[in-house]
């Protein structure tokens, strides 16, 4: 029995999100949750979901729960429990604890709405996170350690330091992970990548030629992500020819 398309009334009024139905009239076999980066909103990722146009896939673009303070002068939001600054660079620290945001994604959205209310299996749910959103995505899947989800795409993100290492002898999560990072000045270092591999059984890493961990900007950078989706998304109608191609 396929899951049903979620509606806004399924979610707590405190959760801000957009629901993007599948690009055809087919029922949504899959759900993709998109989590934006630090200082952004869910609106650009709503547009991204429409551009992806993944077959039989409904997308949820979530807004981070905490607005940036007025002193920043921008109407963005953040996922952290706090705001801290790096003493050496003066920039905002991306990893400031995510207890409330991880609960929001793992419990309030995935478990309560998508699995319990809408009838999706964990395997039919995927996440895409950028920057701070990638930390929340990986942390939420680790929180749901007994559930093996369809997959996680983490662009320029790692496991939050507040996520403890799994107990010795405990099986790793079978949720597949694709990590995308810049060749230089990436927040995904050997040590942060090792922590991801401590938690997850199947971790694929794609290193882009560019400096830094920005969002994919061309077909070459986007193609591994689309190929990952094509391998992991379930289909009851067959995947259309050329589904992994992007404009």
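The values are calculated or read from the model by the stated rules, or taken from the named source; none is laboratory data. Treat the numbers as computed from the prediction; the structure is a model and nothing was measured. Here the Cβ positions follow ideal geometry from the backbone for every residue, glycine too, while neighbour counts run over all protein chains shown.
Tally time: how many residues in region 10-29 are assigned to a loop (DSSP other than H, G, I, E, B) and crowded, with 18+ Cβ neighbours inside 10 Å? Reasoning before the result, please.
In the first step, residues of region 10-29 are kept if they are assigned to a loop (DSSP other than H, G, I, E, B); the result is 11-16, 21-29.
Of the ones still in play, those that are also crowded, with 18+ Cβ neighbours inside 10 Å are 11, 22, 28-29.
Going through region 10-29 one residue at a time, the tally reaches 4.
What number goes with the only condition from (1) at positive phi; (2) under 10 Å from the mean Cα position of the chain (by Cα) that residue 140 does not pass?
In the conditions (1) at positive phi; (2) under 10 Å from the mean Cα position of the chain (by Cα), residue 140 misses (1) alone.
If we keep just the residues of region 85-107 that are in contact with a strand residue (DSSP E or B) (Cβ under 9 Å, 6 or more places away or on another chain) and either at pLDDT 95 or above or farther than 20 Å from residue 213 by Cβ (or both), which is surrounded by the fewest Cβ atoms within 10 Å (Cβ to Cβ)?
100
How many residues does region 197-214 contain that are assigned to a loop (DSSP other than H, G, I, E, B) and more than 28 Å from residue 122 (Cα to Cα)?
Taking region 197-214 and keeping what is assigned to a loop (DSSP other than H, G, I, E, B), we get 201-202, 208-210, 212-214.
Right, trim to more than 28 Å from residue 122 (Cα to Cα) and you get 208-210, 212-214.
Matching residues across region 197-214 total 6.
Going through region 30-75 one residue at a time, which ones are part of a loop (DSSP other than H, G, I, E, B), touching a strand residue (DSSP E or B) at 6+ places or on another chain (Cβ under 8 Å), in contact (Cβ under 8 Å) with a residue 60 or more places away in the chain and farther than 20 Å from residue 217 by Cβ?
The initial filter retains those residues of region 30-75 that are part of a loop (DSSP other than H, G, I, E, B), namely 36-39, 41-42, 53-56, 63-65, 68-69, 73-75.
Now narrow it down to the ones that are touching a strand residue (DSSP E or B) at 6+ places or on another chain (Cβ under 8 Å): 36-39, 41-42, 54, 56, 63-65, 68, 75.
Keeping just the survivors that are in contact (Cβ under 8 Å) with a residue 60 or more places away in the chain gives 36-38, 54, 56, 64.
Within region 30-75, 56, 64 qualify.
Restricting attention to region 3-24, and to residues there that are closer than 12 Å to residue 117 by Cα and free of Cβ contacts under 8 Å to residues at least 60 places away in the same chain, which single residue is nearest to the chain's Cα centre (by Cα)? Outline the logic, then answer.
Just the residues of region 3-24 that are closer than 12 Å to residue 117 by Cα, to begin with: 3-7, 9-11.
From what is left, the residues that are free of Cβ contacts under 8 Å to residues at least 60 places away in the same chain are 7, 9.
Details: 7: 20, 9: 22 Å.
My answer is 7.
In the set 194, 217, which member is exposed (fewer than 14 other Cβ atoms within 10 Å of the Cβ) and part of a loop (DSSP other than H, G, I, E, B)?
Working: 194 fails: part of a loop (DSSP other than H, G, I, E, B).
Residue meeting the stated conditions: 217.
Which ones in region 143-187 are touching a strand residue (DSSP E or B) at 6+ places or on another chain (Cβ under 7 Å), outside any strand (DSSP E or B) and modelled with pLDDT of 90 or more? Steps first, answer last, please.
Start the filter on region 143-187 by keeping residues that are touching a strand residue (DSSP E or B) at 6+ places or on another chain (Cβ under 7 Å), which leaves 145, 148-157, 172-173, 175-185.
Next, from what is left, pick out any that are outside any strand (DSSP E or B): 145, 148-150, 156-157, 172, 175-176, 182-183, 185.
Hits for region 143-187 are 148, 149, 150, 156, 157, 172, 175, 176, 182, 183, 185.
State all residues of region 225-236 that are buried (at least 18 other Cβ atoms within 10 Å of the Cβ) and within 10 Å of residue 178 (Cβ to Cβ); if no residue qualifies, say none.
225, 228, 229, 232
Kindly indicate whether any position in region 169-179 is farther than 24 Å from residue 101 by Cα and surrounded by 19 or more Cβ atoms within 10 Å (Cβ to Cβ). So that I can check it myself, show each step before the final result.
From region 169-179, those farther than 24 Å from residue 101 by Cα are 169-171; that's our starting set.
Retained after the next criterion (residues that are surrounded by 19 or more Cβ atoms within 10 Å (Cβ to Cβ)): none.
The answer is no; no qualifying residue exists.
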